[in-house]
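**Student:** Pasting a structure here, questions to come.
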Amino acid sequence: MNIGVASLFFVLALLGWYLSFTAARLDRLHHRVETSWATLDAALHRRVGIALEISTSGFLDPASSLLLAGAAHDAREATGDKRERLERELSDDLTSIYFEADDNVREMIRGAQERSALAHALHADAVRSVHAVREKTLVRLFRLAGHAPSPQYFEGEFPHASE
């Protein structure tokens, strides 16, 4: 076996290993996006539950309670881009009542906003990681992502209520 054939075999083996490693990494990253989305979705549903609890607790005046309950219900039922907009509106509503509320309600709002913000940051990081790998030339050339759709960012705003 001459050196040229051996070198070619080595390069092909190295390329095969790299492609296999990258495909496995991409699969793990897609799984990470799915789990981070599930975490974010759960945090948003918990936040909606807390908003509904606050709206029915009697801590707020009737008009604020009705507005908060409506925003929470709309956010819970929405999907896609509409959900992103309604979740931002719910964040604004929770932030607007934060300074008028007593300490117990403030703590509930702060906790819900912080959990949602953390879950959002983790999801955005996971999506960013997938996009970074999918943009590589060899990943696109060999179609290592298969038929998996490119993950999307969730454009929400989750300010800390104390800001």
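The values are calculated or read from the model by the stated rules, or taken from the named source; none is laboratory data. On a predicted model such as this, the values are computed, not experimentally measured, just so you know. Cβ: placed from backbone, ideal geometry, glycine included. Neighbour counts: every protein chain shown.
**Student:** Within segment 35-52, is there a residue that is farther than 27 Å from Arg143 by Cα, crowded, with 18+ Cβ neighbours inside 10 Å and not aliphatic (A, V, I, L, M)?
**Tutor:** Scanning segment 35-52 turns up at least one residue that is farther than 27 Å from Arg143 by Cα, crowded, with 18+ Cβ neighbours inside 10 Å and not aliphatic (A, V, I, L, M).
**Student:** How many residues are assigned to a helix (DSSP H, G or I) and touching an Asp or Glu at 6+ places or on another chain (Cβ under 9 Å) if we restrict to segment 58-69?
**Tutor:** Final tally of qualifying residues: 3.
**Student:** Also, quick follow-up: Any residue at all in segment 1-19 that is modelled with pLDDT of 95 or more, touching a Leu at 6+ places or on another chain (Cβ under 6 Å) and not basic (Lys, Arg)?
**Tutor:** No: zero hits.
Conditions (1) under 30 Å from Thr22 (Cα atoms); (2) out of contact with any His (no Cβ under 7 Å at 6 or more places or on another chain), marked per residue:
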residue	(1), (2)
Ala101	no, yes
Asn104	no, yes
Gln113	no, no
Arg143	yes, yes
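**Student:** Condition first: outside any helix (DSSP H, G or I) and either among the polar types (S, T, N, Q) or surrounded by 10 or more Cβ atoms within 10 Å (Cβ to Cβ) (or both). Now tell me which residues in segment 1-19 satisfy that.
**Tutor:** Listed by number, the list holds a single entry, Asn2.
Let's see how each residue does on (1) buried (at least 19 other Cβ atoms within 10 Å of the Cβ); (2) at pLDDT 95 or above; (3) at positive phi:
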site	(1), (2), (3)
Gly111	no, yes, no
Ser116	yes, yes, no
Ala121	no, yes, no
Val127	yes, yes, no
Lys136	no, yes, no
Arg140	no, yes, no
Leu144	yes, yes, no
Glu155	no, no, no
Ala161	yes, no, no
